[in-house]
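The values are calculated or read from the model by the stated rules, or taken from the named source; none is laboratory data. Quick caveat: nothing in here was measured; it's all calculated off a predicted structure. All Cβ positions, glycine included, derive from the backbone under ideal geometry; neighbour counts span all protein chains shown.
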Amino acid sequence: MQSIVGTMVIAQEGRFQLLDRDGVGHQFLLHYGSAVEPDQLPPLLNRRVRVSYRPAVTAHIIGHAAVHIDLLED
């Protein structure tokens, strides 16, 4: 499983966008087995997090599947 650290800048339903330290946006969808629920995403806005994820399996999928999200100290 891969992971990335960044700031969550957009959260809507089970989707969110993370900006990495280089300012690149990464799109994520909550994985069906994730311990995180969609209503837990908005409090993470503008916070530094680590997302463990499974990469998109085809070029036709816009976002990766977020399996776990850890809140990091600012």
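Looking across segment 58-74, the residues that are of a type in the set (V, I, T), within 18 Å of F16 (Cα to Cα) and in a loop (DSSP other than H, G, I, E, B) come down to I61, I62.
When the residues of segment 19-49 are narrowed to those that are assigned to a loop (DSSP other than H, G, I, E, B) and small (G, A, S), which ends up modelled with the highest pLDDT?
If we take residues in segment 19-49 being assigned to a loop (DSSP other than H, G, I, E, B) and small (G, A, S), then G23 is modelled with the highest pLDDT.
Here's the yes/no breakdown for (1) small (G, A, S); (2) more than 9 Å from the chain's Cα centre (by Cα):
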position	(1), (2)
R48	no, yes
V51	no, no
A59	yes, yes
I62	no, yes
E73	no, yes
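Does D22 qualify as being within 19 Å of P55 (Cβ to Cβ) and acidic (D, E)? Yes: the conditions hold for D22.
Residues in segment 46-54: is at least one surrounded by 12 or more Cβ atoms within 10 Å (Cβ to Cβ), aliphatic (A, V, I, L, M) and free of Cβ contacts under 8 Å to residues at least 40 places away in the same chain? Checking segment 46-54: not a single residue is surrounded by 12 or more Cβ atoms within 10 Å (Cβ to Cβ), aliphatic (A, V, I, L, M) and free of Cβ contacts under 8 Å to residues at least 40 places away in the same chain. When segment 12-31 is examined, which residues are found to be under 9 Å from the mean Cα position of the chain (by Cα) and touching a residue at least 12 places away in the same chain (Cβ under 8 Å)? The answer is R15, F16, L18, H26, Q27, F28, L29, L30.
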